[in-house]
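None of the figures in this text is laboratory data; all of them are computed from the coordinates on show. Please read all numbers here as calculations on a predicted model, not as lab measurements. Cβ placement follows ideal geometry from the backbone for every residue including glycine, while neighbour counts extend to all protein chains displayed.
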Amino acid sequence: MTATDFPTSVAIVGGGPAGLMAADRLSQQGIAVDLFDAMPSVGRKFLLAGRGGLNLTHSEPLPRFLTRYSHGAEHLGRLIEGFTPDAVRQWAHDLGIDTFVGTSGRVFPKDMKAAPLLRAWLHRMRQQGVRFHMRHRWTGWAARDLLTFTTPDGPRQHQAGATLLALGGGSWSRLGSDGSWVALLLDQGIATAPLKASNCGFDVVRPWTDHLKTRFAGQPIKPVKVSWVRPDGGRDTQQGEFVLTETGVEGSLIYAFSSRLRQAIERDGTATIELDLLPAHTTEQVLAEVSRPRGPRSLSTHLKSRLGIQGLKMALLHELLPPDMLADPRALAHALKALPVRLGAPRPIDEAISTAGGVSWESVNPDLMARAHPGLFFAGEMLDWDAPTGGYLLTACLATGVHAADGIANWLKTSAS
């Protein structure tokens, strides 16, 4: 290895939203920043997330917004209060990107695209002096604050005045987030919680029949409400849509429950959700319709004509209910409003949109610096928190990047005095 290939600066390892936000924040203060990423370009997961419309944040009031974080909320709260959803919108506006609030309350760029925002962001950072080093895979330290990398041109080193790791969680390894940093941090005495799939699909306990998989895998179930009974006996319910997969279920409505379902499976071995296939009807209305005489018509024809149940919804009834329940109007009406689906396992972590787990909050100080490694900071999904989709993931990543950058600036001032 060469001695050092770059002048001393703040080193940011990871070119996702958290790392980029920290680089932007630091460089605005005139602090030299070198940003390293293993991929050929930065922001790859950011761009992928924006393919269906980049969901920047959510417009709901901040107190309710903060309740969406099921794990790590007590720590994330103060960070997000320092960089709120309104601040996210202002940040986009400062980059020349106007935003709007959709019918669901989610906030998007007006053109719904991620690429223009990323281009404007990178242009500003380059003007501020940020130096980008692509295809640099971080491999640890040769000595304290002397970072090591593998590159297409061979191994390299970088002497950092301070280091921010923003390497993402353990999902989407093809985009650079593979969780390989866990072992490197454990060697430094930095505690981590196991990485777990979040915002993910789930496999059913009893595999779908070939008939259901062949005809309906990949199709959406909508409109539908999903309910889950909490350990305290309360019930969480949300309406939307999800997709039937060859092994189970996935999609936005399932992601909204993923952390609760994962925890239930860890505790009990399985988790059960209930599907309301007719969210616009009351139980009494459904019972009245299924109880009507159907004469020579088949059950499928009867339910289609009286309630609009057909296709995948009808197939699910046949898949999950025994014949005697299908023939019993009361049992059938109940199932149409609360069809139980037993889930046995989350899908593999690399298929998940995000991960829970990571660097424990006890391992970092209030500025997100490692207690066991002064000068080393963390941001983004590397920290141990969990959030649903809907703008909450991205807002938290940006907020942690801002907070870590401010912590680094304070650390540099303190170290120089």
Each residue of the stretch 170-182 in order: what ³J(HN,Hα) in whole Hz does its phi give by Karplus 6.51 cos²θ - 1.76 cosθ + 1.60, θ = phi - 60°, with x for Gly and Pro?
x, 9, 6, 4, 5, 9, x, 9, 10, x, 5, 6, 4
For helix 258-268, what angle does its Cα long axis make with the longest principal axis of the chain, in degrees from 0 to 90 and rounded to 10?
70 degrees
FRET efficiency (Ser415, Gln238; Cβ distance; R0 35 Å; to 0.05) is 0.15
Tell me the angle of helix 17-28 to the major Cα principal axis of the chain, expressed in degrees between 0 and 90 and rounded to the nearest ten.
30 degrees
What ranking do His318, His136 get, fewest neighbouring Cβ atoms within 10 angstrom at the top?
His318, His136
Mind ordering 225-233, 271-279, 180-188 by average Cβ neighbours within 10 Å, highest first?
271-279, 180-188, 225-233
Based on other C-beta atoms within 10 Å, arrange Val204, Val10 from fewest to most.
Val204, Val10
Karplus ³J(HN,Hα) for the stretch 121-136 (6.51 cos²θ - 1.76 cosθ + 1.60, θ = phi - 60°; Hz, whole; x = Gly/Pro) runs 5, 5, 4, 4, 5, 5, 5, 7, x, 5, 9, 9, 10, 8, 6, 10
Can you pick out the pairs among Lys225/Lys313; Lys45/Lys213; Lys222/Lys337 whose Cα atoms lie more than 24 Å from each other?
Lys45/Lys213
Could the peptides 160-167, 22-29 be put in order, highest first, of the mean number of other beta-carbon atoms found within 10 Å of their residues?
160-167, 22-29
What order do you get for 294-306, 52-64 when each peptide is scored by the mean count of other beta carbon atoms within 10 Å, highest first?
52-64, 294-306
Just to be sure I understand the curve: with the Debye formula and one point per C-alpha of the chain, what is log10 I(q)/I(0) at q = 0.12 Å⁻¹?
-0.96
Which of Arg68, Arg131, Arg119 comes first, and how do the rest follow, when ranked by fewest Cβ neighbours within 10 Å?
Arg119, Arg131, Arg68
Extreme residue, positive dipole direction of the chain, given options Gly154, Thr414, Ser298 (C-beta unit charges):
Ser298
The simple spin-label model distance between Arg119 and Leu62, using points 7 Å out along Cα→Cβ, in nm, is 3.4 nm
Give me the number: length gained by fully extending Ser291 to Gln28, i.e. 0.36 nm times residue separation minus the C-alpha to C-alpha distance, one decimal in nm.
87.8 nm
Out of every Cα pair in the stretch 101-180, what percent are spaced more than 18 Å from each other?
64 percent
In degrees from 0 to 90, rounded to the nearest 10, what is the angle of the helix 392-416 Cα long axis to the longest principal axis of the chain?
20 degrees
What ³J(HN,Hα) values, in whole Hz, does the Karplus curve 6.51 cos²θ - 1.76 cosθ + 1.60 give for the stretch 213-229 when θ = phi - 60°, with x put for Gly and Pro?
4, 5, 8, 10, 4, x, 8, x, 10, 7, x, 7, 10, 10, 10, 9, 8
Hey, in the GNM for the chain with a 10 angstrom Cα cutoff, which one of Pro17, Pro322, Pro220 fluctuates hardest?
Pro322
